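Notes to accompany the following structure.
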Amino acid sequence: MKLRYYADAPNYDDHEQIIDLLYTISDKYGITVEIERVNNRYGSIQVFPGDIRENSPEDVYDRDFHYNRTLGSNIDESPSQAFKASGRHVDIDGYVGIIDDGLVWATTNRGDQIGYGPDVDPTDTTLGFLDQAANHGLEAIEEKYMDEDERERTVIEQFLTADVVDGTVHRDVVVGTSQLPDSPAHGVDSSVGEIVTRTVDAIIETDESDWIVQTAKTFEASAFDTALGQILVRDRLYRFDTGTNTDTTLAIVFNTVPWELDIDAVPATVDQLTAISDGPDVRVFAGRDREFKEVTE
């Protein structure tokens, strides 16, 4: 996934702010950024952390926007309505898009919300969206084209791709089935299952133990507390199903870290928090730019 700026914005100040925000997003979160110059208004760009290309607006429109149903679905209008003035003239300079195996979303208003009125979502403007991404990172980007379940799945997919744990992977494992009554009352089967069972994001079978992996987005207090409770319950239900003597390793995985957080400073505190329970140790991993570091000692 990366961000692409279709440059140069008609307003010079907007152009400079866009470049500054993209630089900040790249520096804080390791997110790939690039510039597609379809209208070189202001000369060379001296410092930028990503690729810079120049192409005609027509060629870029045909490549990224033309008949792009995914884009149209995510911006709630056809690309030709949003990015062709009067249905004929290509009008894409000054916008920023999200690239994930193609253009999946783009801002539909240049600059910021000033002048557009209260009905316009500030994050649908180029500067409003980039400001949100600069403050909240990957989560602000993914929510533009992914639903909540998809955003959660990206965490486990990235963790498994990084090969942190070598073993046999099972995704979305339902645990607690051993606790279901043999003959529930008529009509309450599904509700009993919802109360008793849970779904584990991934179980990784290794020679030493079975890893139970629970994922979350941002490494922050509320998310940590929720994930800790979830994984303790899932571990207990898993061992009910497989035998209480089953060796398990519990892992909570975050893929977004507040940019100002010094990861090396938190292990002792995290160890104290995970020791709150009387159960097994919990290992915590935090990711930056698809690489995961364990923050428990």
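Select from the stretch 64-93 the residues that are assigned to a loop (DSSP other than H, G, I, E, B) and open to solvent by 70 Å² or more (accessible area, probe 1.4 Å) and list them in ascending order.
Once the filter is applied, which keeps residues that are assigned to a loop (DSSP other than H, G, I, E, B) and open to solvent by 70 Å² or more (accessible area, probe 1.4 Å), the stretch 64-93 yields His66, Tyr67, Asp76, Ser86, Arg88.
Got a sec? Which of Gln214, Gln158, Gln179 is at pLDDT below 90 and closer than 25 Å to Glu142 by Cα?
Gln158
Here is a check on your reading of the model: is Asp182 in a loop (DSSP other than H, G, I, E, B), farther than 13 Å from Ile98 by Cβ, open to solvent by 40 Å² or more (accessible area, probe 1.4 Å) and free of Cβ contacts under 8 Å to residues at least 12 places away in the same chain?
So Asp182 fits the description; yes.
It is to be established whether one or more residues within the stretch 132-139 are surrounded by 16 or more Cβ atoms within 10 Å (Cβ to Cβ), at pLDDT below 90 and part of a loop (DSSP other than H, G, I, E, B).
Yes: one or more hits.
Quick one: which residue in Thr161, Thr154, Thr123 is out of contact with any His (no Cβ under 9 Å at 6 or more places or on another chain), within 17 Å of Tyr5 (Cα to Cα) and polar (S, T, N, Q)?
Thr123
Looking only at the stretch 15-30, which residues are touching a Leu at 6+ places or on another chain (Cβ under 7 Å) and within 12 Å of Leu127 (Cβ to Cβ)?
Gln17, Ile18, Leu21, Leu22, listed by residue number.
Kindly indicate the residue of the stretch 16-63 that is touching a residue at least 60 places away in the same chain (Cβ under 8 Å) and assigned to a helix (DSSP H, G or I) and also farthest from Pro79 (Cα to Cα) among those meeting that condition.
Only one residue tops the list, namely Lys28.
All but one of (1) touching a Gly at 6+ places or on another chain (Cβ under 8 Å); (2) modelled with pLDDT of 95 or more; (3) open to solvent by 40 Å² or more (accessible area, probe 1.4 Å) hold for Leu22, so report the exception by its number.
It is condition (3) that Leu22 fails.
Quickly run through the stretch 4-16 and pick out the residues that are crowded, with 19+ Cβ neighbours inside 10 Å and more than 15 Å from Arg37 (Cβ to Cβ).
Once the filter is applied, which keeps residues that are crowded, with 19+ Cβ neighbours inside 10 Å and more than 15 Å from Arg37 (Cβ to Cβ), the stretch 4-16 yields nothing.
Give me the pairs, please: first residue somewhere in the stretch 207-235 and aromatic (Phe, Trp, Tyr), second residue anywhere and open to solvent by 20 Å² or more (accessible area, probe 1.4 Å) and not in a helix (DSSP H, G or I), beta-carbon distance under 8 Å, and either six or more positions apart or on two chains.
Pairs that qualify, where the first residue is aromatic (Phe, Trp, Tyr) and the partner is open to solvent by 20 Å² or more (accessible area, probe 1.4 Å) and not in a helix (DSSP H, G or I), are Trp211/Val165; Trp211/Gly167; Trp211/Glu205; Trp211/Thr248; Trp211/Thr249; Phe219/Pro258; Phe219/Leu261.
Check whether at least one residue in the stretch 119-140 is under 30 Å from Arg239 (Cα atoms), touching a residue at least 60 places away in the same chain (Cβ under 8 Å) and not hydrophobic (A, V, I, L, M, F, W, C), and report yes or no.
No.
Going through Val164, Val120, Val174 one at a time, which residue ends up being open to solvent by 20 Å² or more (accessible area, probe 1.4 Å), at negative phi, assigned to a strand (DSSP E or B) and modelled with pLDDT under 95?
Just one listed residue meets the conditions, Val174.
Answer yes if at least one residue in the stretch 34-50 is open to solvent by 70 Å² or more (accessible area, probe 1.4 Å) and under 24 Å from Tyr145 (Cβ atoms), and no otherwise.
no
The values are calculated or read from the model by the stated rules, or taken from the named source; none is laboratory data. Predicted, not measured: the structure shown is a model, and the values here were computed from it. No Cβ is skipped: glycine too gets one built from the backbone with ideal geometry, and neighbour counts run over all protein chains shown. The area values use the complete protein model at the heavy-atom level, side chains included, leaving out ligands, DNA and RNA. Shrake-Rupley method; radii C 1.70, N 1.55, O 1.52, S 1.80 Å.
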